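The values are calculated or read from the model by the stated rules, or taken from the named source; none is laboratory data. Just so it is clear, the structure is predicted and the values come from calculations on it, not from any experiment. No Cβ is skipped: glycine too gets one built from the backbone with ideal geometry, and neighbour counts run over all protein chains shown.
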């Protein structure tokens, strides 16, 4: 039974990831192929060449996304988007869903001030336990100013395995540790629950990374006292 179990697990480790990958790819191909329905019926592949080409919808979707990006990247396009968003803001349920999805998309895929900028290591839910957090900004508003901290970092702490949910905290820069890993690598680590650990490529020397850790430990000891 021990040999049978070992062979069974070895086989599962080969076929299970492959099967899930193929299923995910088939789902994406079928999903994007629905974009072909946007074309007039006489311009669809089955009408032009007599049969359907799987995956052609992906090409059409990418072209549509790129064309949309080119249109909204200029001044006129941005004004049209604002008009469209102001219209959606008048619809109660649509407004909530659209705003939430847009904020998440801007945080994950964007490159402005509202994006995940850096990855930090923080102690949560108590001292001695560590988790990952993403810096959202260092801007100071009323809440940040009234903390009495000179440099406040706004952080988003994601949950596993869904990084789009989590909570927001404000922390002193002296009590958190900046990591060298990228946001994409940190997201993979969070989604996998720590199974996927990205390789460490140090960007700083030991002398540069040691002081923040010592500062965190000193602050933790002071808080305990």
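Values for this structure:
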item	result
Test for residue 15: is it farther than 30 Å from residue 156 by Cβ, at pLDDT 80 or above and either in contact with a strand residue (DSSP E or B) (Cβ under 6 Å, 6 or more places away or on another chain) or not assigned by TED's automatic domain parsing to the domain that holds residue 184 (or both)	yes
Scope the range 145-165; condition in contact with a helix residue (DSSP H, G or I) (Cβ under 9 Å, 6 or more places away or on another chain), without any contact (Cβ under 8 Å) to a residue 40 or more places away in the chain and assigned to a strand (DSSP E or B); matching residues	152, 153, 154, 158
Matching residues, the range 133-144, being in a helix (DSSP H, G or I) and without any contact (Cβ under 8 Å) to a residue 24 or more places away in the chain	142
Residues within the range 79-96 that are part of a helix (DSSP H, G or I) and surrounded by 12 or more Cβ atoms within 10 Å (Cβ to Cβ), tallied	7
Complete set of residues in the range 55-75 that are touching a helix residue (DSSP H, G or I) at 6+ places or on another chain (Cβ under 6 Å) and assigned to a loop (DSSP other than H, G, I, E, B)	55
Subset of the range 43-53 (residues that are surrounded by fewer than 11 Cβ atoms within 10 Å (Cβ to Cβ) and within 20 Å of residue 26 (Cβ to Cβ))	51
